[in-house]
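Undergrad: Starting off with a structure, shown below.
The values are calculated or read from the model by the stated rules, or taken from the named source; none is laboratory data. If you're wondering where the values come from, they're calculated on a predicted model, not measured in any experiment. Every residue, glycine among them, receives a Cβ derived from its backbone with ideal geometry; neighbour counts consider all protein chains shown. Side chains included, ligands, DNA and RNA excluded: accessible areas come from the protein's heavy atoms. Shrake-Rupley method; radii C 1.70, N 1.55, O 1.52, S 1.80 Å.
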Amino acid sequence: MEIRVEKGKPEKYPCELLLLFSFECPEQPEGPIQTVDMEWKGFISALMKQGDFKGELFETRLFYTQGALPAKRVVLGGLGKKGEFDLEKWRGAASKAGQFIRNAGMKRFAFPIRKWSDLSEAELAESFVTGLRLGVYEFNEFKTLERDKIKEIEEVVLLGEKDEEIKIIGDGLRKGEIISEAVCMARDLVNGPSNQVTPTVLAEKAREIAKVYGMEVQVLELSQAEAIGMGAFVAVAKGSQEPGKFIVLEYNKGKELETIALVGKGITFDSGGISIKPSENMDRMKDDMSGAAAVLATMQAASRLQLPFHLVGIMPATENLPSGKAYKPGDILKTLSGQTVEVISTDAEGRLILSDALTYSLRYQPKAIIDLATLTGACVIALGNYVIGLFGNDESLLKRIEEASSRTGEKAWRLPLWDDYFDYLKSDTADFRNVGTRAAGAIIGAVFLNKFVEKVPWVHLDIAGPASIEKERPYIPRGGTGAGVRLLIQVLRDWGK
Ligand code: BES
Ligand code: MN
Ligand code: ZN
């Protein structure tokens, strides 16, 4: 799908399809609909009066213009009640219109961007592109049958009227493209099965991104990780035949900019290890590298947007499998921090690889550390599939996340990190154990990670719920979602504001 900006008025623009939006039951047609309606001799206002199109949220209707307009067809999309309208609904409306147009087999359309609500043209353009691209995303890479039945929109033209508007729209378009391409890349990696997306492939992907977007990359092999003392990461990785990779990607290395570390859990398949999981739904555990995918995607977008940071992306990548070489319950591991951990369950592997990754991130003396991980099933029980579990040791960093969360619609909800929970992690034989109780499982996971960040401002995002979903959402199809990517990019974009 190619999206570009052109100068033109919707009522004068010849095209196969013109897309227009309306709020629910407006007194008067508003925005671009108004001028098109006039040119169309009141057709749209008449059909709305008759109730043939109400403007309800996500409503979509197709009309033929029969020569009354230069456009052959018009699709009307509903935005719902004006007073309830926001960016999130707008992204959903763009997605739903895109899905409707695609499913009807139409390949190109034009859409006029003109300010008609509180939202600026830049916001309208960026979020339209984001909602549209994310909504029509499909993962078809491995489908070989009936490929000719795959429907795709090929071309979208955003219409602007004045030169300065065209510039603003073009800028919003570019940002929307960068952000949605990053999210879609993360989705591809998450949807890719573990026999395709191995730690080695993640490392290659990091190298490729580093090369294309001018970043530094370093991949520690298992032997190197072992040599520097990453006892926890190595313990998890050694049970698998697929070599583990400790991936470090750096953007703006050596520049005098604030350093932020992004740490992502990269378990390319989580069988549970010796503490093996039940086989039902085990296939979902290919998504256990969603944190790493989000870090990779955020780094790519940050570089393309030229955000003024020194970013360090740290992605410990490995499978978690049982074998004769696998680590076992009862084992005691020495982490990179020097602290020791008694393994109670080999299925609590995420916190182990993250503990070494968090310690490693301290080498860069970051101003802030943000980690993303599909860490606990308990977080899904607590918050469901739509909400990220949010933990942290620093109020202002937490607020940044919450603000970005409300802007992007990637909901995140705070859970406590009180020291009381640490009681559950006391061990008889080591500094602490890797598992507490089932109760408060998500919090206990976070409390464990907290032991590895010292006093650095840190936030932990448990994305176990939203990383992949069974039931589609307005602009998030089933499967891998790219959770956290838009949220992180927004945090970085708003940092200095
Ligand atoms: N990757 C899982 C967490 C998970 C579960 C993500 C379900 C998405 C859906 C993680 O490694 C894990 O197995 N966690 C255990 C922790 C427990 C052993 C303390 C869990 O949640 O059961
Ligand atoms: Mn696990
Ligand atoms: Zn896991």
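Undergrad: Which residue, of A97, A93, A104, is touching a residue at least 24 places away in the same chain (Cβ under 8 Å), closer than 19 Å to L132 by Cβ and open to solvent by 20 Å² or more (accessible area, probe 1.4 Å)?
TA: Of A97, A93, A104, the one residue that is touching a residue at least 24 places away in the same chain (Cβ under 8 Å), closer than 19 Å to L132 by Cβ and open to solvent by 20 Å² or more (accessible area, probe 1.4 Å) is A104.
Undergrad: Which of the residues that make up region 336-368 are outside any helix (DSSP H, G or I), in contact with a strand residue (DSSP E or B) (Cβ under 6 Å, 6 or more places away or on another chain) and within 16 Å of A232 (Cβ to Cβ)?
TA: If the condition is that a residue be outside any helix (DSSP H, G or I), in contact with a strand residue (DSSP E or B) (Cβ under 6 Å, 6 or more places away or on another chain) and within 16 Å of A232 (Cβ to Cβ), then T340, V341, E342, I344, E349 are the ones that fit.
Undergrad: Further question on the same structure: Output the number of the condition that T268 fails; it satisfies all remaining conditions of (1) surrounded by fewer than 18 Cβ atoms within 10 Å (Cβ to Cβ); (2) within 16 Å of ligand 2 (Cβ to nearest atom).
TA: (1)
Undergrad: Is there a residue in region 187-206 that is touching a Pro at 6+ places or on another chain (Cβ under 9 Å), part of a helix (DSSP H, G or I) and among the charged types (D, E, K, R)?
TA: yes
Undergrad: Is it the case that A301 is open to solvent by less than 10 Å² (accessible area, probe 1.4 Å), more than 10 Å from ligand 1 (Cβ to nearest atom) and under 16 Å from S361 (Cβ atoms)?
TA: Against the criterion (open to solvent by less than 10 Å² (accessible area, probe 1.4 Å), more than 10 Å from ligand 1 (Cβ to nearest atom) and under 16 Å from S361 (Cβ atoms)), A301 does not qualify.
Undergrad: Let me ask you something else. Given the options A232, A182, A261, name the one that is within 16 Å of ligand 3 (Cβ to nearest atom) and touching a helix residue (DSSP H, G or I) at 6+ places or on another chain (Cβ under 8 Å).
TA: A232
Undergrad: Return only the number of the condition from (1) under 21 Å from the mean Cα position of the chain (by Cα); (2) crowded, with 20+ Cβ neighbours inside 10 Å; (3) within 16 Å of ligand 2 (Cβ to nearest atom); (4) of a type in the set (A, V, I, L, M) that I353 does not satisfy.
TA: With (1) under 21 Å from the mean Cα position of the chain (by Cα); (2) crowded, with 20+ Cβ neighbours inside 10 Å; (3) within 16 Å of ligand 2 (Cβ to nearest atom); (4) of a type in the set (A, V, I, L, M) applied to I353, the lone miss is (1).
Undergrad: Further question on the same structure: Could we say that A182 is closer than 25 Å to R473 by Cα and outside any loop (DSSP other than H, G, I, E, B) here?
TA: yes
Undergrad: Among the residues of region 34-46, is there at least one that is within 35 Å of the chain's Cα centre (by Cα) and crowded, with 17+ Cβ neighbours inside 10 Å?
TA: No, because not a single residue in region 34-46 is within 35 Å of the chain's Cα centre (by Cα) and crowded, with 17+ Cβ neighbours inside 10 Å.
Undergrad: One residue is enough: does region 43-51 have a residue meeting the conditions of a type in the set (S, T, N, Q) and touching a residue at least 40 places away in the same chain (Cβ under 8 Å)?
TA: no
Undergrad: While we're here: Kindly check whether there is at least one residue in region 433-456 that is polar (S, T, N, Q), closer than 19 Å to I353 by Cα and within 16 Å of ligand 3 (Cβ to nearest atom).
TA: yes
Undergrad: Need at least 2 residues that are buried (at least 17 other Cβ atoms within 10 Å of the Cβ) per element, so show me which strands (runs of 3 or more DSSP E) inside region 374-475 make the cut, counting only ones lying wholly within it.
TA: Hits in region 374-475: 388-392, 458-462.
Condition check ((1) within 16 Å of ligand 2 (Cβ to nearest atom); (2) farther than 24 Å from T259 by Cβ) across all residues:
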site: L296; (1), (2): no, no
site: A302; (1), (2): no, no
site: G324; (1), (2): no, yes
site: L333; (1), (2): yes, yes
site: Y364; (1), (2): no, no
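Undergrad: Criterion first (in a strand (DSSP E or B), open to solvent by less than 10 Å² (accessible area, probe 1.4 Å) and either over 28 Å from A225 (Cα atoms) or charged (D, E, K, R) (or both)) does D371 satisfy it?
TA: Against the criterion (in a strand (DSSP E or B), open to solvent by less than 10 Å² (accessible area, probe 1.4 Å) and either over 28 Å from A225 (Cα atoms) or charged (D, E, K, R) (or both)), D371 qualifies.
Undergrad: Restricting attention to region 311-324, and to residues there that are touching a Ser or Thr at 6+ places or on another chain (Cβ under 8 Å) and under 22 Å from I274 (Cα atoms), which single residue is nearest to ligand 3 (Cβ to nearest atom)?
TA: N320
Undergrad: Also: Considering each residue of region 281-310, count those that are within 16 Å of ligand 3 (Cβ to nearest atom) and part of a loop (DSSP other than H, G, I, E, B), and give that number.
TA: Going through region 281-310 one residue at a time, the tally reaches 1.
Undergrad: Here's a follow-up. Looking at this structure, is V129 of a type in the set (A, V, I, L, M, F, W, C), within 26 Å of A483 (Cβ to Cβ), open to solvent by less than 10 Å² (accessible area, probe 1.4 Å) and in contact with a Ser or Thr (Cβ under 7 Å, 6 or more places away or on another chain)?
TA: yes
Undergrad: Also, quick follow-up: Out of all the residues in region 27-46, is one or more more than 19 Å from E155 (Cβ to Cβ), assigned to a strand (DSSP E or B), touching a Pro at 6+ places or on another chain (Cβ under 9 Å) and of a type outside the set (D, E, K, R)?
TA: Scanning region 27-46 turns up no residue that is more than 19 Å from E155 (Cβ to Cβ), assigned to a strand (DSSP E or B), touching a Pro at 6+ places or on another chain (Cβ under 9 Å) and of a type outside the set (D, E, K, R).
Undergrad: Could you grab me the full set of residues in region 239-280 that are in a loop (DSSP other than H, G, I, E, B) and away from ligand 1 (no atom under 16 Å from the Cβ)?
TA: Passing the criteria: Q241, E242, P243, N252, K253, G254, K255, E256, L257, E258.
Undergrad: Please state which one of E11, E6, E56, E39 is touching a Gly at 6+ places or on another chain (Cβ under 6 Å), at pLDDT 95 or above and among the acidic types (D, E).
TA: Going through E11, E6, E56, E39 in turn, the sole match is E56.
Undergrad: Going by the conditions given, is A225 touching a residue at least 24 places away in the same chain (Cβ under 8 Å), touching a Phe, Trp or Tyr at 6+ places or on another chain (Cβ under 7 Å), more than 16 Å from ligand 2 (Cβ to nearest atom) and in a strand (DSSP E or B)?
TA: Here the answer is no, as A225 does not meet what is asked.
Undergrad: Kindly list the number of the only condition in (1) farther than 24 Å from K167 by Cβ; (2) of a type outside the set (D, E, K, R); (3) surrounded by fewer than 21 Cβ atoms within 10 Å (Cβ to Cβ); (4) under 27 Å from the mean Cα position of the chain (by Cα) that fails for I3.
TA: With respect to (1) farther than 24 Å from K167 by Cβ; (2) of a type outside the set (D, E, K, R); (3) surrounded by fewer than 21 Cβ atoms within 10 Å (Cβ to Cβ); (4) under 27 Å from the mean Cα position of the chain (by Cα), I3 is out only on (1).
Undergrad: Among (1) part of a helix (DSSP H, G or I); (2) at pLDDT 95 or above, which single condition is M106 missing?
TA: Condition (1) is where M106 drops out.
Undergrad: Right, here's the next one. Six or more apart or on different chains, Cβ under 8 Å: which pairs go from a residue in region 373-387 that's within 18 Å of R438 (Cβ to Cβ) to one that's at pLDDT below 95 and more than 10 Å from ligand 2 (Cβ to nearest atom)? Could you list them?
TA: The qualifying pairs are A378/R438.
Undergrad: When you go through G445, G392 one by one, which is the residue that is under 20 Å from D494 (Cα atoms) and touching a residue at least 24 places away in the same chain (Cβ under 8 Å)?
TA: G392
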